[in-house]
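**Q** Got a structure for you, written out below as structure tokens; questions coming shortly.
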Amino acid sequence: DGGITQSPKYLFRKEGQNVTLSCEQNLNHDAMYWYRQDPGQGLRLIYYSQIVNDFQKGDIAEGYSVSREKKESFPLTVTSAQNKPTAFYLCASSIGAGGYNEQFFGPGTRLTVL
Amino acid sequence: RKEVEQDPGPFNVPEGATVAFNCTYSNSASQSFFWYRQDCRKEPKLLMSVYSSGNEDGRFTAQLNRASQYISLLIRDSKLSDSATYLCVVNAGSARQLTFGSGTQLTVLP
């Protein structure tokens, strides 16, 4: 089955600790995205990548880093500079870039800072 | 003004009712419009794209009004399973990526 997988489903982070969230897709999509959703809020774009070895900052990139070494994979590292207590992290992909195509989402990772 | 604005609701309607949601967007150059559905603590899922001519998928109808810069979603004959948050999505941001509204919460009551 084609789709997007994210792991882990739940993650607990101590203050000052860096953690990495995994996102993998087998849809052969060129573009991949990371969003954060705070409780009761909409999705906000953290980073996006339109092609391998290239990525761009979104609206709330501070405290995060990404890499795109393979088409299928787009991991997100949450650094100690990111101090949001709890948020839902969603990875998505689309067949083309530029915001013109529908995006498909993975099941998300719920991150809690202890 | 927010790039994409939705009435947060909640909308509480009885089964079988017709309910409509509106969403306004600020960037007149936007070209892509979608409605997504998000269940509690789950990922958003694409409900339908919104085309200039309007489009219908079963009980769901989406309309685009470029002059007034809003899109709408109409749900007929509501089912209990329609209870969810509906997200309006437009390519509106400075990077021309998709921008998600905060969502409208719908609860269909038995």
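The values are calculated or read from the model by the stated rules, or taken from the named source; none is laboratory data. Nothing here was measured: the structure is a model prediction, and the numbers come from that model. Positions of Cβ are generated from backbone atoms using ideal geometry, with glycine treated the same way; all protein chains shown enter the neighbour counts.
**Q** Do the conditions hold for B:N22, that is, is it closer than 11 Å to B:T104 by Cβ and in contact (Cβ under 8 Å) with a residue 40 or more places away in the chain?
**A** Considered against the rule, which asks whether it is closer than 11 Å to B:T104 by Cβ and in contact (Cβ under 8 Å) with a residue 40 or more places away in the chain, B:N22 comes out as yes.
**Q** How many residues, within segment A:68-114, are in a loop (DSSP other than H, G, I, E, B) and at pLDDT below 95?
**A** Initially, segment A:68-114 is screened for residues in a loop (DSSP other than H, G, I, E, B), giving A:68-69, A:71-72, A:74-75, A:79-85, A:95-103, A:106-108, A:114.
Applying the additional criterion that residues be at pLDDT below 95 yields A:79-85, A:95-103, A:114.
Total satisfying the criteria: 17.
**Q** Among the residues of segment B:55-104, write down those that are facing chain A (nearest Cβ under 10 Å) and either under 25 Å from B:E15 (Cβ atoms) or assigned to a loop (DSSP other than H, G, I, E, B) (or both).
**A** Within segment B:55-104, B:T85, B:L87, B:C88, B:A92, B:G93, B:S94, B:A95, B:R96, B:Q97, B:G101, B:S102, B:G103 qualify.
**Q** What are the residues in segment A:40-58 that are more than 17 Å from A:T77 (Cβ to Cβ), within 7 Å of chain B (Cβ to nearest Cβ) and crowded, with 17+ Cβ neighbours inside 10 Å, if any?
**A** Once the filter is applied, which keeps residues that are more than 17 Å from A:T77 (Cβ to Cβ), within 7 Å of chain B (Cβ to nearest Cβ) and crowded, with 17+ Cβ neighbours inside 10 Å, segment A:40-58 yields A:G42, A:L43.
**Q** I'm trying to understand the selection: among the residues of segment B:33-62, which are surrounded by fewer than 19 Cβ atoms within 10 Å (Cβ to Cβ) and polar (S, T, N, Q)?
**A** Keep residues of segment B:33-62 that are surrounded by fewer than 19 Cβ atoms within 10 Å (Cβ to Cβ), which gives B:39-42, B:45-46, B:49, B:51-61.
Matches in segment B:33-62: B:S49, B:S52, B:S53, B:N55, B:T61.
**Q** Can you name the residue in segment A:94-114 that is among the polar types (S, T, N, Q) and closer than 30 Å to A:E15 by Cα and is also farthest from the other protein chains (Cβ to nearest Cβ) among such residues? Before the answer, list the steps.
**A** To start, the set of residues in segment A:94-114 that are among the polar types (S, T, N, Q) comprises A:94, A:101, A:103, A:109, A:112.
With closer than 30 Å to A:E15 by Cα added as a condition, the list becomes A:109, A:112.
Details: A:T109: 11, A:T112: 13 Å.
If we take residues in segment A:94-114 being among the polar types (S, T, N, Q) and closer than 30 Å to A:E15 by Cα, then A:T112 is farthest from the other protein chains (Cβ to nearest Cβ).
**Q** Restricted to segment A:1-56, and to residues that are in a loop (DSSP other than H, G, I, E, B) and basic (K, R), which residue is nearest to B:K42 (Cα to Cα)?
**A** Going through segment A:1-56, the residues in a loop (DSSP other than H, G, I, E, B) turn out to be A:1-3, A:8-9, A:14-18, A:26-30, A:38-42, A:52-53.
With the extra rule that they be basic (K, R), the set shrinks to A:9, A:14.
Working: A:K9: 11, A:K14: 24 Å.
Out of the qualifying residues, it is A:K9.
**Q** If I filter segment A:36-48 for residues that are among the hydroxyl-bearing types (S, T, Y) and under 10 Å from the mean Cα position of the chain (by Cα), do I get at least one hit? I'd like the intermediate steps shown before the answer.
**A** Let us first name the residues in segment A:36-48 that are among the hydroxyl-bearing types (S, T, Y), namely A:47-48.
With the extra rule that they be under 10 Å from the mean Cα position of the chain (by Cα), the set shrinks to A:47-48.
The answer is yes; a qualifying residue exists.
**Q** OK, next. Is it fair to say A:G63 is touching a strand residue (DSSP E or B) at 6+ places or on another chain (Cβ under 9 Å), more than 14 Å from every other protein chain (Cβ to nearest Cβ) and closer than 30 Å to B:Q6 by Cα?
**A** The answer is yes for A:G63.
**Q** Another one. What is the number of the single condition among (1) modelled with pLDDT under 95; (2) surrounded by 15 or more Cβ atoms within 10 Å (Cβ to Cβ) that B:S26 does not meet?
**A** Single failed check for B:S26: (2).
**Q** Of everything in segment B:32-54 that's charged (D, E, K, R) and not in a loop (DSSP other than H, G, I, E, B), which residue is farthest from A:N101 (Cα to Cα)?
**A** Filtering first and then ranking leaves B:R37.
**Q** Within segment A:5-31, can you find the residues that are out of contact with any strand residue (DSSP E or B) (no Cβ under 9 Å at 6 or more places or on another chain) and either acidic (D, E) or closer than 19 Å to A:I95 by Cβ (or both)?
**A** Within segment A:5-31, A:N28 is the sole residue that qualifies.
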